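**Q** I'd like to ask you about the structure that follows.
The values are calculated or read from the model by the stated rules, or taken from the named source; none is laboratory data. Note that the structure is a prediction, hence the values are computed from the model and not measured. Heads up, the Cβs are rebuilt from the backbone with ideal geometry, glycines too, and the neighbour counts pull from every protein chain shown.
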Amino acid sequence: MNLATLILVLVSAGLHPLREFFIRGSSITEGAKGGLTPEGIVFAVTIYFVIFSGVHLVVLGVNPLSAIVVWPLALVSGLGIISYHLGILRTLRHGDFSIYYPITRSSPLFVVIVGFFFLGHQYTLTLILGFALVLVGAFLLQYRPGAGFFTQPRTLAAAIFVMCAHGVITLADAEAMKSVEPVAFLFFQYVFLIPAMAILLTITRPTGRTVYRHLFIDWVHAPFKTFILGITSYASYYLILLVFQMGANVAAVASVRQISIPLSVILGGLILKEARMSKRLGWSLLLAAGVILIIFSK
């Protein structure tokens, strides 16, 4: 990985936790007067993706219909994005950001498991060690002494589901970037994601809550915040697609992106005041080290 690619991946990784951080924060303050909703943040960011990619298309002079050639990959990635968002909403509504975000970001594990059980891949001792480090790190991140081995099994299951969804997205996106411009892919994909997300988020809203309160209150109470979350999320995703288009190794990119894991623990401890930050930071670094071993041992 050359220096330019490394910088782009690091910037993308640094921007990524911000949206999930605010989803967790809004879950904590949900119901307060003037508060945001996690679903509203997700929907606002989805709309901003179309706005920003549309402007980006015009600036670059790219034809959005050029993405039709990779529509199967766009469909797979889109279904993965929907699954990711629904899973992340469930995970961060009930679980600490610094515990479960690191698990959701360990998608390279998905690649290893699929390769071993379905593709007949053989793994080295180094990879097995990395796999063990990830399992230990993930377990200790969510473990609370005296509260049982798995204190929130459903939340842990949701985090693992999100991890797998992100693995699917990564594989589909990397393949699509061999044939299409990133900005065309994003616009084509998110135009169809807006109605899908609107329907799913609406039918899953709490009883008695209006659609306006559930999905659109954020635009009224925090227009600047939703704009910032939209542009940072778009930039993070676009940079990764650009890196894939440049021909970077998908495994290497995935490993470098794990820098977002310890960052999530720092955000959770310093701003959300989540407990045991120093220990969680250590376990998150252990998990990240395991993921890196997995990737580079392949």
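**Q** Given the conditions (1) at pLDDT 90 or above; (2) assigned to a helix (DSSP H, G or I), which single one is not true for VAL180?
**A** The failed condition is (2).
**Q** Return yes when PHE49 is in a helix (DSSP H, G or I), under 17 Å from THR202 (Cα atoms) and aromatic (Phe, Trp, Tyr) and no when it is not. Show your work before the answer.
**A** Values: in a helix (DSSP H, G or I): yes; under 17 Å from THR202 (Cα atoms): no; aromatic (Phe, Trp, Tyr): yes.
When the stated conditions are applied, PHE49 does not pass them.
**Q** While we're on this one: Might you let me know whether the range 189-202 holds any residue that is in contact with a His (Cβ under 8 Å, 6 or more places away or on another chain), crowded, with 19+ Cβ neighbours inside 10 Å and not β-branched (Val, Ile, Thr)? Write out each step before concluding.
**A** Just the residues of the range 189-202 that are in contact with a His (Cβ under 8 Å, 6 or more places away or on another chain), to begin with: 197, 201-202.
Those still in the list that are crowded, with 19+ Cβ neighbours inside 10 Å too: 197, 201.
Checking the rest, the ones that are also not β-branched (Val, Ile, Thr) come to 197, 201.
Yes: the range 189-202 contains one or more residues that are in contact with a His (Cβ under 8 Å, 6 or more places away or on another chain), crowded, with 19+ Cβ neighbours inside 10 Å and not β-branched (Val, Ile, Thr).
**Q** How many of the residues in the range 203-212 are closer than 16 Å to ARG93 by Cβ and either surrounded by 15 or more Cβ atoms within 10 Å (Cβ to Cβ) or not β-branched (Val, Ile, Thr) (or both)?
**A** Of the residues in that region, 3 qualify.
**Q** Kindly list, by first and then second residue, each pair from a residue in the range 55-67 that is closer than 17 Å to ALA176 by Cβ and touching a residue at least 40 places away in the same chain (Cβ under 8 Å) to a residue that is surrounded by 10 or more Cβ atoms within 10 Å (Cβ to Cβ) and not hydrophobic (A, V, I, L, M, F, W, C), limited to pairs with Cβ atoms under 6 Å and residues at least 6 apart or on different chains.
**A** Close Cβ pairs satisfying both conditions: LEU57/PRO64; VAL62/GLU181.
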